[in-house]
Each structure stands twice: as structure tokens, then as C-alpha cells.
Amino acid sequence: MKYIKYLLVGILFGITLSKAEVISWFRIYEMFKLQSFHMYGVIGSAVAIGIVVMYLFKNETLKTLHGEPIIVEPKKKGVSRNLIGGIIFGLGWALGGSCPGPMYILVGKGVVSILVVLFGAHLGAFLYHAIKHKLPH
Amino acid sequence: MDFILQPWAWYVAGPIIAICMFLMFFFGKKFGVSSNLETVCSMGGAGKFVDFFKFDWRKNKWNLVFVVGLIVGGFISDQWLTPSEAVAINPNTVSDLAEIGIHNAGATYLPDQIFSIEAMLTVKGFLILLIAGVLVGFGSRYAGGCTSGHGIVGLSSLSLESFIAVGGFFIGGLIMTWFILPYIF
């Protein structure tokens, strides 16, 4: 039962990305063609509020359910990992029109072919860890 | 009720995404989807081939449950909350897509040329889907996050690493959209 809250947040997130058409390949294409504000508005407004939330985490106005301070783990440093990894991710995001969240949401929408993309994503994660010692970070 | 059935504006979706992020941290966890790819690999026995995957996947069960929620949310939305499949994209986008061979853009959520069963069952179509997934999975784990971990959490924390990563997302996305997609279909 303690897991049900994560399920509910996932459902809210899934419905929101569906209803805002973030799971649409066309919206991603339109974003990269710089022909609509929609996606920038979605990400931008989430980040704008997120900045306030993070500030409230940091000064401990907001704490966890159990009253503990919330510490957001910093991302790993390194220009190569973030830039090259980011570019590879971006190529796939624009080709398949979906990042990992929308892949799962599209499974729920009943899109059979997204299972190939999702399989590929697991394969990609596996391959990264198999060859990462040879990559610049 | 009608406003729920309409497509949601960015100023509705963005704040709800921020709330989802807040809730995950409030529950003492993190907000990031792509790490689930590693958890599932580990669960599937990838540790036999690559040592990294020898971690105990059970500690990430909460995140797998979150992902099950995404699937359920996609189902609920599709079944009961989305009376129209049309996506009102920019008319210029529609004509740009027609020029590169993708017709009826915006009539549905996804282009048939990529996502129909017929397309999936061709060698070329299957490879497009597979390669898109491999790039996303490889890139997100190389960078240590995807649109949620780097895009939402990282940018909200004003992390330099995430600004670099999201810059990379856009460089890759622009290259694919402007210079590669026109030659695929």
C-alpha cells in the first residue's frame, strides 16, 4: 500500500502529458521546427515553478512527508557526458518523438509499435553501460 | 467537465508537472523516468553481462510503480478523456511535414508513417523505431537523465550540468529535425 502514492503521481503525470499532447510526435517535431510556443510553455512553466520549489527545498520550508530536509542529488559533472549524451538523446527524441515518460504513456494508449522504441531504449541503456569505460565523460 | 476533455494548455500542464516533481521529492524519492531503463535491465538479468547492473533493483520499486502509473494514466486519458485525436499543430508544420512525406499531420497524435503496424513490420520502419529508442536510452544514461531528470529537476535546480545536457538535447533534436528527418521518408 505504501507504493500507491507513486502510482497516483504517475497517473497524474501520464494524464497530463497525454492531455497536453506532449506525447504527440507532431508536437516534438513542431517544437524543434520552432513553430510553436506550446512545448516551450509546458517545460518553461514547469521549470519556473520548479525553481521556486527547489528554493523552498533548500531553505527547508518544504520538507518530506516525514519532516526530513529534501536534498536534490547534484548531477554528475563533466561536459562530455552531458553534452554528447544530451546530443545522442536529442537525436532519438526528435526521431521517435518521445522521451522515456511518453514511451510508457503511449503503451497505455495502446500504441503497439512504441514497444519497439521502448525495447530499443532498454537496449540503449544496456549498451551504454557495456561500453561506457571507452567513452569520454 | 468539458475543459478536461479539451486539450490542456501549456499553463495547465507545466504547473501540474512541477507538482508531480514536488510530490515525488515530498515522498522522499526522486523525479526521473530514464533510470527505470537501468532498473528493468537489472531485473531482467543484465548483471550477468555487465557488472553495473548487479545492483538490487528492488530498491527502485517505487520508480517502477510510478512508471506503471504512467501507463495507467495513458490508458485513462485515451479511454475517457480524449474525445478527439486531433492535435492542433501549426499549419506551417503541417505543410512542412507534407513536403517531407508525412501527410495528415496533426489528424492523430502520431504519424502512421512511423507508428502504424504496417510501418513497424517493414525493415526500415522497424529500424527507425528501434534506433530512436536506442538513441534515447543510450543518450539519457550517458547524460545521466532525460527530460524529467535534467529538463525539469536539473533546470529547476539551476544545475550547470543540466543546462549543458538540455543544450545537447536541443542540438541533437535540431540536427534530427532539420537535417536528417527530411531524408528518411
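The values are calculated or read from the model by the stated rules, or taken from the named source; none is laboratory data. As the structure is a computational prediction, the values presented were derived from the model and not from experiment. Cβ sites come from the backbone with ideal geometry, for glycine too, and all protein chains shown count toward neighbours.
Sub-9 Å Cβ pairs linking a first residue in the range B:85-114 that is under 15 Å from residue A:39 (Cβ atoms) to a second residue that is in a loop (DSSP other than H, G, I, E, B) and among the aromatic types (Phe, Trp, Tyr), at least 6 apart or interchain, are B:87/B:109, ordered by first then second residue. Each residue in the range B:141-185 was checked for being within 17 Å of residue A:49 (Cβ to Cβ) and either surrounded by fewer than 20 Cβ atoms within 10 Å (Cβ to Cβ) or modelled with pLDDT under 95 (or both), and 1 of them qualify. Look at residue B:118 and say whether it is closer than 27 Å to residue B:16 by Cα and acidic (Asp, Glu). No: the conditions fail for residue B:118. Screening the range B:83-167 for helices (runs of 4 or more DSSP H) wholly inside it with 2 or more residues that are farther than 16 Å from residue A:98 by Cβ returns the ranges B:91-99, B:117-120, B:123-143. Scanning the range A:93-119 for residues that are assigned to a helix (DSSP H, G or I) and without any contact (Cβ under 8 Å) to a residue 12 or more places away in the chain, which turns out nearest to residue B:68 (Cα to Cα)? By that ranking, first place goes to A:107. The number of residues in the range B:19-52 that are closer than 19 Å to residue A:39 by Cα and either facing chain A (nearest Cβ under 7 Å) or polar (S, T, N, Q) (or both) comes to 3. Does residue B:47 satisfy being surrounded by fewer than 18 Cβ atoms within 10 Å (Cβ to Cβ) and in contact with a Leu (Cβ under 7 Å, 6 or more places away or on another chain)? Against the criterion (surrounded by fewer than 18 Cβ atoms within 10 Å (Cβ to Cβ) and in contact with a Leu (Cβ under 7 Å, 6 or more places away or on another chain)), residue B:47 does not qualify. In this structure, residue B:54 qualifies as under 29 Å from residue A:119 (Cα atoms) and either of a type in the set (A, V, I, L, M) or more than 23 Å from the chain's Cα centre (by Cα) (or both). The set of residues in the range A:1-30 that are more than 7 Å from chain B (Cβ to nearest Cβ), in contact with a helix residue (DSSP H, G or I) (Cβ under 9 Å, 6 or more places away or on another chain) and either over 26 Å from residue B:104 (Cα atoms) or surrounded by fewer than 24 Cβ atoms within 10 Å (Cβ to Cβ) (or both) comprises A:2, A:4. Evaluating residue B:26 against the criteria (1) buried (at least 17 other Cβ atoms within 10 Å of the Cβ); (2) in contact with a Phe, Trp or Tyr (Cβ under 7 Å, 6 or more places away or on another chain); (3) over 30 Å from residue A:31 (Cα atoms) leaves one unmet condition, (2). The residue pairs whose first member lies in the range A:66-78 and is within 7 Å of chain B (Cβ to nearest Cβ), whose second member is surrounded by 12 or more Cβ atoms within 10 Å (Cβ to Cβ) and of a type in the set (A, V, I, L, M), and whose beta carbons are closer than 8 Å, counting only pairs six or more residues apart or on different chains, are A:70/A:62; A:72/A:54; A:72/B:153; A:75/B:165. Under the condition of being in contact with an Asp or Glu (Cβ under 9 Å, 6 or more places away or on another chain) and either assigned to a loop (DSSP other than H, G, I, E, B) or at positive phi (or both), the residues counted in the range B:20-73 number 3.
Of the residues making up the range A:49-82, those that are surrounded by 15 or more Cβ atoms within 10 Å (Cβ to Cβ) and either small (Gly, Ala, Ser) or in contact with a Leu (Cβ under 6 Å, 6 or more places away or on another chain) (or both) are A:50, A:62, A:78. The set of residues from the range B:1-18 being facing chain A (nearest Cβ under 8 Å) and not in a loop (DSSP other than H, G, I, E, B) comprises B:4, B:10, B:11, B:12, B:13, B:14, B:15, B:16, B:17, B:18.
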